[in-house]
Ligand code: PEP
Ligand code: MG
């Protein structure tokens, strides 16, 4: 953090320090009021930039950019950001940095996305506005697309905002390919109005080699290598890759926290988690002489959700995961030869008459008592489609709206195409998944090499789960220890995992690395990591590619 005396200056009579040009500074503001003014100033500048750009464009471009400008000026946007950055209105000091400001914008965007419909479609606008505001305050990092203006280039973007598309009008390239988005999105409309040939939503465009001479058929949405005759033409339309936004700034992944107590939940909130990705509810059961009653359960769940009250962020709760190495004081569990392969997790909980139903209804009741928290509930150790059906039916009839499963058993991972039709989300417990996939006890320290989540076999299985998730529009999280490894976080995101849930202390390092790697690069590294021969090679390849080897 930058706090050196050289960097200090006065703002509104308050001490601040910053390194705006390096993009890594911390601004210290004396109170939430100063934060509010800082954000409002930056957003007013973003709005006037957008309006200026809009005045240069066609009426269609102007409509889109004016709508974004209005959103940037909307005072409720500032209030939503302040609520995230300074939840305590009486705070004596508020720190602002690139990372927490980006996270605050993404969290507002995710909240809109969760509403869906017209409001949900505004989420990308908030991300674009956020990118600009962050650049304004901290100097431009690598989050804005950069490219060489050249009329013979076909530019490939991973993401393109409407405003960045409008900027291309100043020196139009021969064509544009965007991997994400769709033909009716804002960027596509702007490109069309600028008469720039474009294919938007071409998911495999990143596989086109840089420098290749290609032809673009925007009507049929086809890109093909030029025929020898066509490539004799001079000058040639060559593919040029634009530097894309960081994987974090693109909104492709949320960083969540694993918690097992109220203290953990408070820590998660103060570390700027985008929500809780795993509440291990065992803390409430394992050392008890009797099953906690409804009132005790409701108040415990309410307390764990409370730090996220009003945030609209997800809190993902796992139903009781006992058995194996987690005995229950109030149930006489028979001795098992292989407890890890025995009656544990969902297998056990459903055998304890009414326990799951009582837990689910306590969770639904706790949610009613906490404002604006998005409760998601999942069951551990689910293996078959019949179990998926049994759990989702039970949870929905208890009043839970978002119901999911943990993927910890390879059978479910392999059958996820079917399971995904029944669930709202899934979370991969890599600690158990790796143990069962590799046939190695997760507690056996001498088998550490077999238990490595970098194993390309594990990565390929996760890739298949993420693909099904994408096809069926089911978010896929990873909540095992693997998600705490920043390098592996890059690979998991590149494979298509949509959130990573980790111990709260890991949030900072994971956020820093994911904030410096583009989505394109994450996908490329993930693709390569699945194809090497060993966990060691996969890790070394990714570390070297990111300059961390
Ligand atoms: C996992 O298996 O990865 C997981 C998150 O669950 P636990 O470690 O609690 O078994
Ligand atoms: Mg587990």
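All told, residue 331 falls short of being within 16 Å of ligand 2 (Cβ to nearest atom), in a loop (DSSP other than H, G, I, E, B), surrounded by fewer than 19 Cβ atoms within 10 Å (Cβ to Cβ) and on the phi < 0 side of the Ramachandran plot. When 532, 497 are checked against the criterion of being outside any strand (DSSP E or B) and in contact with a strand residue (DSSP E or B) (Cβ under 8 Å, 6 or more places away or on another chain), 497 stands alone in meeting it. Evaluated against (1) in contact (Cβ under 8 Å) with a residue 40 or more places away in the chain; (2) within 16 Å of ligand 1 (Cβ to nearest atom); (3) buried (at least 19 other Cβ atoms within 10 Å of the Cβ), residue 443 falls short on exactly one condition, (3).
Could you tell me whether any residue of region 320-328 is in contact with a helix residue (DSSP H, G or I) (Cβ under 9 Å, 6 or more places away or on another chain), outside the structural domain of residue 108 (by TED's automatic domain parsing), on the phi > 0 side of the Ramachandran plot and surrounded by fewer than 23 Cβ atoms within 10 Å (Cβ to Cβ)? Checking region 320-328: at least one residue is in contact with a helix residue (DSSP H, G or I) (Cβ under 9 Å, 6 or more places away or on another chain), outside the structural domain of residue 108 (by TED's automatic domain parsing), on the phi > 0 side of the Ramachandran plot and surrounded by fewer than 23 Cβ atoms within 10 Å (Cβ to Cβ). Answer yes if at least one residue in region 528-542 is touching a residue at least 60 places away in the same chain (Cβ under 8 Å), touching a helix residue (DSSP H, G or I) at 6+ places or on another chain (Cβ under 6 Å) and within 22 Å of residue 318 (Cβ to Cβ), and no otherwise. Scanning region 528-542 turns up no residue that is touching a residue at least 60 places away in the same chain (Cβ under 8 Å), touching a helix residue (DSSP H, G or I) at 6+ places or on another chain (Cβ under 6 Å) and within 22 Å of residue 318 (Cβ to Cβ). Annotation for region 376-391: no member residue is modelled with pLDDT under 95 and either surrounded by fewer than 23 Cβ atoms within 10 Å (Cβ to Cβ) or under 16 Å from residue 316 (Cβ atoms) (or both). Within region 395-410, the set of residues being more than 16 Å from ligand 1 (Cβ to nearest atom), touching a residue at least 24 places away in the same chain (Cβ under 8 Å) and out of contact with any helix residue (DSSP H, G or I) (no Cβ under 6 Å at 6 or more places or on another chain) comprises 401, 402. With respect to the conditions (1) modelled with pLDDT of 95 or more; (2) in contact with a strand residue (DSSP E or B) (Cβ under 7 Å, 6 or more places away or on another chain); (3) farther than 23 Å from residue 425 by Cβ, residue 333 lacks only one, and its number is (1). When region 405-420 is filtered for residues that are within 16 Å of ligand 2 (Cβ to nearest atom), assigned to a loop (DSSP other than H, G, I, E, B) and more than 21 Å from the chain's Cα centre (by Cα), only 409 remains. Within region 495-514, the set of residues being surrounded by 20 or more Cβ atoms within 10 Å (Cβ to Cβ) and touching a residue at least 60 places away in the same chain (Cβ under 8 Å) comprises 497, 499, 500, 501, 502, 504, 507, 510, 511, 514.
Among residues of region 295-320 being touching a strand residue (DSSP E or B) at 6+ places or on another chain (Cβ under 7 Å) and part of a loop (DSSP other than H, G, I, E, B), the one that is farthest from residue 86 (Cα to Cα) is 319. Residue selection: residue 480 fails the criterion of being touching a residue at least 60 places away in the same chain (Cβ under 8 Å), within 20 Å of the chain's Cα centre (by Cα) and either within 16 Å of ligand 1 (Cβ to nearest atom) or buried (at least 19 other Cβ atoms within 10 Å of the Cβ) (or both).
Can residue 317 be described as more than 16 Å from ligand 1 (Cβ to nearest atom) and at pLDDT 95 or above?
On the way: more than 16 Å from ligand 1 (Cβ to nearest atom): no; at pLDDT 95 or above: yes.
Here the answer is no, as residue 317 does not meet what is asked.
It is to be established whether one or more residues within region 376-392 are in a helix (DSSP H, G or I) and either within 13 Å of ligand 1 (Cβ to nearest atom) or without any contact (Cβ under 8 Å) to a residue 12 or more places away in the chain (or both). If you could, list the steps in order and put the result at the bottom.
Quick first cut of region 376-392, residues in a helix (DSSP H, G or I) only: 385-392.
Remaining after also requiring either within 13 Å of ligand 1 (Cβ to nearest atom) or without any contact (Cβ under 8 Å) to a residue 12 or more places away in the chain (or both): 386.
Among the residues of region 376-392, at least one is in a helix (DSSP H, G or I) and either within 13 Å of ligand 1 (Cβ to nearest atom) or without any contact (Cβ under 8 Å) to a residue 12 or more places away in the chain (or both), which makes the answer yes.
Of all residues in region 421-434, how many are buried (at least 18 other Cβ atoms within 10 Å of the Cβ), away from ligand 1 (no atom under 11 Å from the Cβ) and not in a strand (DSSP E or B)?
Within region 421-434, the subset buried (at least 18 other Cβ atoms within 10 Å of the Cβ) is 423-430, 432-434.
Applying the additional criterion that residues be away from ligand 1 (no atom under 11 Å from the Cβ) yields 423-426.
With the extra rule that they be not in a strand (DSSP E or B), the set shrinks to 423-424.
Adding up the residues that qualify gives 2.
Only one of 451, 437, 461 is surrounded by fewer than 24 Cβ atoms within 10 Å (Cβ to Cβ), free of Cβ contacts under 8 Å to residues at least 60 places away in the same chain and not in a helix (DSSP H, G or I); which?
Working: 437 fails: not in a helix (DSSP H, G or I); 461 fails: not in a helix (DSSP H, G or I).
Matching residue, one of 451, 437, 461: 451.
The values are calculated or read from the model by the stated rules, or taken from the named source; none is laboratory data. Note that this is a predicted model, so its numbers are computed, not measured. Reconstructed Cβ throughout: ideal geometry from the backbone, glycine too, with neighbour counts over all protein chains shown.
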